[in-house]
Amino acid sequence: MKLALSLLLVSAVLLCASAVLANGQNAAKDNKPNDDQSKDNKSAEIYGELAKAPEKASKRVNPLENDPEAIAAGRLLFEDHCAECHGDKAEGGKKGPNLRAPEVQNATQGTLFWLLTNGVVRKGMPVWSKLPGPQRWQLVRYLKSLGVVQPVPAETAIKP
């Protein structure tokens with residue numbers, strides 16, 4: 001009788017412990033953001049600086065908009081000053097985000113010029129205000145010429 005009671009008590013304790021653990025795991029799942037929310041939050045964190053551009057700056061018009069040589073000159077400047085962080089194709093690197101992301105490509109040229117001028121020092125983006133204005137506008141022209149390219153998720157990438 002004592003043995004049966006002891007087994008029943010141990011079973012009840014194990015059952016309660018299982019219920020508590022399962023409940024804790026469900027609560028953790030409920031508090032964990034889904035992948036879309038997580039991506040949105042990360043995107044907002046990375047590209048949120050673009051929204052900080054003053055309205056006056058974002059409305060600035062690129063004086064080199066119709067200069068056919070501006071894109072090629074901007075590409076050379078990008079290779080010299082930006083590719084190290086943002087990657088050779090501006091699709092993101094170890095330090096810098098993807099500049100072909102919709103957030104960047106949909107930003108106004110004035111906003112990009114403002115960001116280049118002021119940088120985001122706390123996130124590692126240097127201030128480029130010492131780079132002459134025409135060269136910053138060339139960089140903007142080059143960046144806008146790239147168009148949107150979404151990175152391929154690792155799980156869907158073709159493996160050799």
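Values computed for the structure shown
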| quantity | calculated |
| --- | --- |
| Selection from region 119-146 of residues that are small (Gly, Ala, Ser) and either surrounded by 15 or more Cβ atoms within 10 Å (Cβ to Cβ) or part of a helix (DSSP H, G or I) (or both) | Gly119, Gly133, Ser145 |
| Residue count for region 49-105, restricted to those that are out of contact with any strand residue (DSSP E or B) (no Cβ under 9 Å at 6 or more places or on another chain), among the small types (Gly, Ala, Ser) and not in a helix (DSSP H, G or I) | 6 |
| For Lys89: the one exception among (1) crowded, with 17+ Cβ neighbours inside 10 Å; (2) out of contact with any Leu (no Cβ under 6 Å at 6 or more places or on another chain); (3) not hydroxyl-bearing (Ser, Thr, Tyr) | (1) |
| Filter result (small (Gly, Ala, Ser) and at negative phi) within region 77-122 | Ala83, Gly93, Gly96, Ala101, Ala107, Gly110 |
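Just so you know, all these numbers are worked out from the coordinates, no wet-lab data involved. Because the structure is a prediction, the values reported are computed rather than measured. For neighbour counting, all protein chains shown are included, and Cβ atoms are generated from backbone atoms with ideal geometry for every residue, glycine included.
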